[in-house]
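Beneath this line is the structure, given in C-alpha cells, with notes to follow.
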Amino acid sequence: MYIGELARRTGVTRKAIRHYEALGILPEPQRKGSYRVYEQDDETLLCIITQAQKLGFSLREIREISTQQHRKGVLPVETVMQMIARKRAELRERIADAKRLDRELTETCDRLASVHT
C-alpha cells in the first residue's frame, strides 16, 4: 500500500509517517519508483506507535522498542514490559506528589479560613 492508504488506515498523517521514518522508528519502506510501498507490518507498527504515545511513551522510548523489533523481527515483549513497569512507577510517583500537594493546599486553605474568621 502507498503512504496515503497507510495514513488513511491508521489515522496517522503522511507527515508523521515520514517523521517516524526519519527518526528510525518506522523502517524505511520499499519503493516502487518514487512511491513508498508499505506492508501490513508497517500498519501494525504504526498502531503500536499511536497506542504507545497515548500511554505516555516518548518517541525516544518508542524508537528503542521498534529498533529492537527491526533487529529481531519480533516485538521485544520483555523490554516493553520493563518500560511499562517504569512508566507505571513514574505515574504512581506523580500521583503521590499530586496527593501531597492537594493535602498542602487543603491545609493552607483551612489555615486561611481559621485566620479569617
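What follows is calculated from the coordinates using simple rules that are stated; it is not laboratory data. On a predicted model such as this, the values are computed, not experimentally measured, just so you know. Glycine gets a Cβ as well: all are built from the backbone with ideal geometry, and neighbour counts include every protein chain shown.
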> Just how large is the dipole of the range 1-63 about the Cα centre, in debye to the nearest 20, putting +1 at every Lys and Arg Cβ and -1 at every Asp and Glu Cβ?
Replying inline: 280 debye
> Taking the chain as a Gaussian network, Cα atoms linked when under 10 Å apart, which of Arg14, Arg86, Arg94 shows the biggest mean-square fluctuation?
Replying inline: Arg94
> Taking the Cα-to-Cβ direction at Cys109 and at Arg14 and moving 7 Å from each Cα, how far apart do the two end points lie in nm?
Replying inline: 5.1 nm
>> Less than 13 Å apart at the alpha-carbon level, and either on another chain or at least 8 residues along: which aspartates and glutamates does that give for Lys99?
In response: Glu107
> Leaving out same-chain residues fewer than 8 places away, which aspartates and glutamates sit with a Cα under 12 Å from that of Lys87?
Replying inline: Glu61
>> Which residue, Thr13, Pro29, Leu112, has the largest displacement toward the positive end of the dipole of the chain when charges sit on each Cβ (Lys, Arg +1; Asp, Glu -1)?
In response: Pro29
> What distance in nm separates the simple spin-label points at Glu21 and Ala96, each placed 7 Å from Cα in the Cβ direction?
Replying inline: 4.5 nm
>> Beyond 23 Å, how much of the Cα-Cα pair distribution for the range 1-99 remains, as a whole percent?
In response: 32 percent
> Given a cut-off of under 8 Å on Cα pairs at least six residues apart, what relative contact order in percent is computed for the chain?
Replying inline: 19 percent
> Summing -39500 (n - 2.57) over the DSSP H runs of n ≥ 4 in the chain and dividing by its residue number, what mean residue ellipticity at 222 nm do you reach, to the nearest 500 deg cm²/dmol?
Replying inline: -25000 deg cm²/dmol
